[in-house]
């Protein structure tokens, strides 16, 4: 059967693919990506306070993943409302924070039971902020924004979609001896091709990428910021997804995903080194400004880049006047910037936020001999 972009792709082949996926190039790239992930995992384990990454990277991942779907907010807004999502008024900020919540919920679901189609439904429900289930009505297609011409029409019909999601779930647990990273790339394509929900498919699929890596034991925490790579290469991402559908070009797609994992992992390692340097510098300034060597104060400033006086009171177990004096001293030192937010003052670790959002370059891959 010839694929037609305007016709529901009910003939989407089941997994695993029947053609060879792990070519020599793919195996080489998988080795390099696994090595980079191992380096990232080790770097995160060396951190004195890994919560710094666990609080920040998922927010940036949420921002980039949402931006791929043209839901645009700022890192400042995300950090500002990270502790109190209900205070956010911008719909894009609220929906992006939902992504972060869905990611953390997905991690807890994964730790409680194996990944499944139920996980996907629960994650998408949190992403969208309303109950989601597989599409039941026809008419969904992906089209050219200018001409509205169909670029791809996913499978249609509730029973068809449920059957294909069931096969996708089976593949997660029986990937046919594929390397876990290769299996993740294959599963991501399939999920996007099934497009099971009316909305939220891309964000749900990208959360599942992280959960699959964690489920395979390749990373211990959700600290891989893969969506930045995708948004930097958004056109290529969609071109290669379509290339699998149209031409069965699995190799180019899998290589793209593996290179994204490698680059993202190594750039995050570089980020960790810079964060640790900034923490050392900040601790020295804390001692100078407050005559206190309070490691809990340092933790607050990096775990919550938008910090409130009450955060310091609670975490450092000091009085409100002491906490206020400490934060004011750090503002005078230039360590923090303070702003008014209603009746509250917010103290911003602006250098840390700037460091987080700054792109990092990953080194080119080292040659691998076969």
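Name the residues in region 179-203 that are on the phi < 0 side of the Ramachandran plot and at pLDDT below 95, would you?
Those that are on the phi < 0 side of the Ramachandran plot and at pLDDT below 95: 198, 199, 201, 202, 203.
Go over the candidates 75, 102, 6, 92 one by one and state the one that is modelled with pLDDT under 95, more than 20 Å from the chain's Cα centre (by Cα) and closer than 25 Å to residue 234 by Cβ. Give the steps one after another, and end with the answer.
On the way: 75 fails: more than 20 Å from the chain's Cα centre (by Cα); 102 fails: more than 20 Å from the chain's Cα centre (by Cα); 92 fails: more than 20 Å from the chain's Cα centre (by Cα).
The conditions single out 6.
Per-residue answers, yes or no, for (1) in the same structural domain as residue 155 (by TED's automatic domain parsing); (2) modelled with pLDDT of 95 or more; (3) within 19 Å of residue 212 (Cβ to Cβ):
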| position | (1), (2), (3) |
| --- | --- |
| 241 | yes, yes, yes |
| 245 | yes, yes, no |
| 251 | yes, yes, no |
| 254 | yes, yes, yes |
| 258 | yes, yes, yes |
| 262 | yes, yes, yes |
| 277 | no, no, no |
| 281 | no, no, no |
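Filter region 225-235 for residues that are touching a helix residue (DSSP H, G or I) at 6+ places or on another chain (Cβ under 7 Å) and surrounded by fewer than 18 Cβ atoms within 10 Å (Cβ to Cβ); which is nearest to residue 40 (Cα to Cα)?
Going through region 225-235, the residues touching a helix residue (DSSP H, G or I) at 6+ places or on another chain (Cβ under 7 Å) turn out to be 225-231, 234.
Within this subset, residues satisfying the condition of being surrounded by fewer than 18 Cβ atoms within 10 Å (Cβ to Cβ) are 231, 234.
Working: 231: 21, 234: 24 Å.
Step by step, filter region 225-235, then rank; the result is 231.
Give the residue that is surrounded by the fewest Cβ atoms within 10 Å (Cβ to Cβ), with candidates limited to residues of region 278-316 that are touching a helix residue (DSSP H, G or I) at 6+ places or on another chain (Cβ under 8 Å) and not in a helix (DSSP H, G or I).
Going through the qualifying residues, I end up with 293.
Name the residues in region 83-106 that are surrounded by fewer than 20 Cβ atoms within 10 Å (Cβ to Cβ) and closer than 24 Å to residue 122 by Cβ, would you?
83, 84, 85, 86, 88, 91, 92, 94, 101, 104, 105 - these are the residues of region 83-106 that are surrounded by fewer than 20 Cβ atoms within 10 Å (Cβ to Cβ) and closer than 24 Å to residue 122 by Cβ.
List the number of the failed condition for residue 130; all other conditions in (1) under 23 Å from residue 188 (Cβ atoms); (2) more than 18 Å from the chain's Cα centre (by Cα); (3) without any contact (Cβ under 8 Å) to a residue 12 or more places away in the chain; (4) part of a loop (DSSP other than H, G, I, E, B) hold.
Residue 130 satisfies all of (1) under 23 Å from residue 188 (Cβ atoms); (2) more than 18 Å from the chain's Cα centre (by Cα); (3) without any contact (Cβ under 8 Å) to a residue 12 or more places away in the chain; (4) part of a loop (DSSP other than H, G, I, E, B) except (1).
Please go through (1) part of a loop (DSSP other than H, G, I, E, B); (2) modelled with pLDDT of 95 or more; (3) within 25 Å of the chain's Cα centre (by Cα) for residue 155 and return the number of the only condition it doesn't satisfy.
(3)
Is region 118-125 home to any residue that is closer than 23 Å to residue 241 by Cβ, in the same structural domain as residue 75 (by TED's automatic domain parsing), assigned to a helix (DSSP H, G or I) and without any contact (Cβ under 8 Å) to a residue 40 or more places away in the chain?
Checked against the condition, which is being closer than 23 Å to residue 241 by Cβ, in the same structural domain as residue 75 (by TED's automatic domain parsing), assigned to a helix (DSSP H, G or I) and without any contact (Cβ under 8 Å) to a residue 40 or more places away in the chain, region 118-125 yields at least one hit.
Which of the residues spanning region 347-370 are modelled with pLDDT of 90 or more and either farther than 30 Å from residue 36 by Cα or assigned to a loop (DSSP other than H, G, I, E, B) (or both)?
347, 348, 349
Can you go through 140, 119 and tell me which one is touching a helix residue (DSSP H, G or I) at 6+ places or on another chain (Cβ under 7 Å) and either modelled with pLDDT of 85 or more or closer than 24 Å to residue 14 by Cβ (or both)?
From the options 140, 119, the qualifying one is 119.
Going through 187, 216 one at a time, which residue ends up being in the same structural domain as residue 259 (by TED's automatic domain parsing) and surrounded by 20 or more Cβ atoms within 10 Å (Cβ to Cβ)?
Just a single option satisfies the conditions, and that option is 187.
Go through the residues of region 87-97 one by one and say whether even a single one is assigned to a helix (DSSP H, G or I), touching a strand residue (DSSP E or B) at 6+ places or on another chain (Cβ under 9 Å) and assigned by TED's automatic domain parsing to the domain that holds residue 161. Can you show your working first?
Start the filter on region 87-97 by keeping residues that are assigned to a helix (DSSP H, G or I), which leaves 87, 91-97.
Next cut, touching a strand residue (DSSP E or B) at 6+ places or on another chain (Cβ under 9 Å) only: 87.
Subset that is assigned by TED's automatic domain parsing to the domain that holds residue 161: 87.
Yes.
What number of residues within region 57-83 satisfy the criterion of being in contact with a helix residue (DSSP H, G or I) (Cβ under 7 Å, 6 or more places away or on another chain) and assigned to a loop (DSSP other than H, G, I, E, B)?
The total comes to 6.
The values are calculated or read from the model by the stated rules, or taken from the named source; none is laboratory data. All values reported here derive from a predicted model rather than from experimental measurement. Backbone-built Cβ (ideal geometry, glycine too); neighbour counts: all protein chains shown.
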